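Below is one structure, written out as structure tokens; comments come after it.
No value in this document is a laboratory result; all are computed from the given coordinates. Remember, it's a predicted structure, so these values are computed and weren't measured experimentally. So basically every Cβ, Gly included, is an ideal-geometry build from the backbone, and we count neighbours across all protein chains shown.
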Amino acid sequence: MKLCVGMVTYGQYKYSRMAMKYLYQNTKEKFYFFGIIGKPNDLDNKLLFKAYNADYIEHGENKGFPYSLNDIYEHLFINKQCDNVVIIGNDVLVYPNVIDYLLEYSDNYDYVSGQEIDIDFIKKNVKGTNKKFGYGKKFIGDDFPEFMEYKSPITERTYDITKYKIIGDTHNMTLFTKRWFGTVGYVDVNFYPAYFEDNDYARRGQLLGMKMVQLQKAKYFHFWSRTIKEDEEKRRENDFYFPKNEKYYITKWGGKPGEERYTTPYNGRYYPLGNILLPPSLSLHDRSKEDRIVSYWKSLWNS
């Protein structure tokens, strides 16, 4: 079975470098890697991927996180015929064997996610790490090997997340099988440039009857949203789009995450987005409208 790993970057080279270092250092299983460079003219991340002899593509404009994920899914599931694809955030550091653990469950589940260790947890449980973070939890330094000093008990405990009302952080450390992609398909690019696309993607999988599990032993450390925390322009853009993404999610599902009332998108009706008509489908396998959809959302920022 072919294992593949995908990562989306948007600047923040320091975090991408750490993510790649511990991904390769702490994974036993052989994998094929494919990256997306979402920020135009990002030479640092380009050279980083080249240093690992990793394949990647560059976007000449910011097409958003969902579009970038779809490029990964198309390349890995369709072009490379991968059996399992792990999406890792570029601000995520994997503990030893995490991806190997995810792979162990891929025969019986369609969606296998890890369990997050955040900054507050690591500061509380690993002595001295509080000095690594400044105001606003900004990371101070160029590497963070201290995260591996937290030794989590290895347990086979799992969580059936098909019963969860809210499933977030879908694209930080999750394995998707070919079965998942064949049924659920692509991410909804209307969540531009990011946020709520993870809730939407997981909800569609739930409603389509996919088997979804979280592994307690598959832990990863997450710096959390470095792009908007350390890039002022992206923070302003996020402040603009976050409420619009939330409104679109409510339109699509009849409520915020955890409060949804619809079991089909747009309550079963076609939804007009400008001059684009969106179908009320749980599965998304057609990318032909994506560029027009992204252009629509980008035009709101420029207007």
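Helical runs (DSSP H, four residues minimum) scored at -39500 (n - 2.57) apiece and divided by the length of the chain put the mean residue ellipticity at 222 nm at -10000 deg cm²/dmol.
Which pairs, out of K123/K165; K127/K217; K163/K256; K131/K247; K256/K298, put more than 27 Å between their alpha-carbon atoms?
K123/K165; K131/K247
D286 to F242: FRET efficiency via 1/(1 + (r/R0)^6), r the Cβ-Cβ distance, R0 41 Å, to the nearest 0.05?
Values: r = 27 Å, r/R0 = 0.66.
My answer for the efficiency is 0.95.
Values (i) 18.6, 56; (ii) 25.7, 106; (iii) 22.4, 72 are given for comparison; Rg and Dmax of the Cα atoms in Å, derived from the coordinates here, is the one labelled (i). Centre-to-centre separation between the Cα atoms of the stretch 136-203 and those of the stretch 263-297: 24 Å.
Coupling constants for the stretch 26-43 follow from the phi torsions by the Karplus curve (6.51 cos²θ - 1.76 cosθ + 1.60, θ = phi - 60°), and in residue order they are 10, 10, 7, 5, 6, 8, 9, 10, 9, x, 10, 9, x, 8, x, 6, 8, 5 Hz; glycine and proline get x. Taken about its Cα centre, the chain carries a charge dipole of roughly 420 debye when the Cβ of each Lys and Arg holds +1 and the Cβ of each Asp and Glu holds -1. Computed on the chain, with alpha-carbon pairs under 8 angstrom and 6+ residues apart, the relative contact order is 21 percent.
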